[in-house]
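Trainee: What follows is a structure written as structure tokens; I'll ask about it next.
The values are calculated or read from the model by the stated rules, or taken from the named source; none is laboratory data. The structure displayed is predicted, hence computed values, not measured ones. FYI the Cβ positions are ideal-geometry reconstructions off the backbone, even for glycines, and counts take in every protein chain you see.
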């Protein structure tokens, strides 16, 4: 069962998520709030596997919450579910630590699939934005290796697979390693590169010429 916390100011939309997600999937709703500040003050958020987060809410909003959660060691995977579709907003949310980005209007089945994907270490991006996002990754690539950052061969291999969009279980399956092992290796990669998220790690690896996609 996947535990989910919801930060969404639209009461009807929030209550629909609370009602239909558990009915249609193996989901436990641990709590919900209508502001980002209230969510970050709720201990149940930190005990959840996934946080469904709107960006436009009263107060500081979702982007602030993502940046604050980036400072926390034990935090849920963040699935942004919002009406914002601007390229800049998408990139900022993913760079700062969101694992997925869906536009409101997505059906419950699609939201459930996204919850499952991000809960296992995957990255989910709205199809209309995905091409531009991966093109951004490619534009970061350089042809000359400038800094090895002390990454091992295994760490470079894992970073490359993450950059190609594989989730932690998929990376583990490809390399014959457990999901837990992949998560630990990713933590080491983040520390060596001085980053906090998958997107930052891949972008850094591409810019330094450590990996190619």
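Trainee: Among the residues of segment 1-27, which ones are surrounded by 16 or more Cβ atoms within 10 Å (Cβ to Cβ) and closer than 19 Å to residue 99 by Cβ?
Mentor: Of everything in segment 1-27, those that are surrounded by 16 or more Cβ atoms within 10 Å (Cβ to Cβ) and closer than 19 Å to residue 99 by Cβ turn out to be 2, 3, 4, 5, 6, 7, 8, 17, 21, 25, 27.
Trainee: Give segment 192-208 a look and list any residue that's surrounded by fewer than 18 Cβ atoms within 10 Å (Cβ to Cβ) and modelled with pLDDT of 85 or more, or say none.
Mentor: Matches in segment 192-208: 192, 194.
Trainee: Please report, ordered by residue number, the helices (runs of 4 or more DSSP H) entirely within segment 28-75 with at least 2 residues that are buried (at least 21 other Cβ atoms within 10 Å of the Cβ).
Mentor: Here the list reads 36-40, 61-69.
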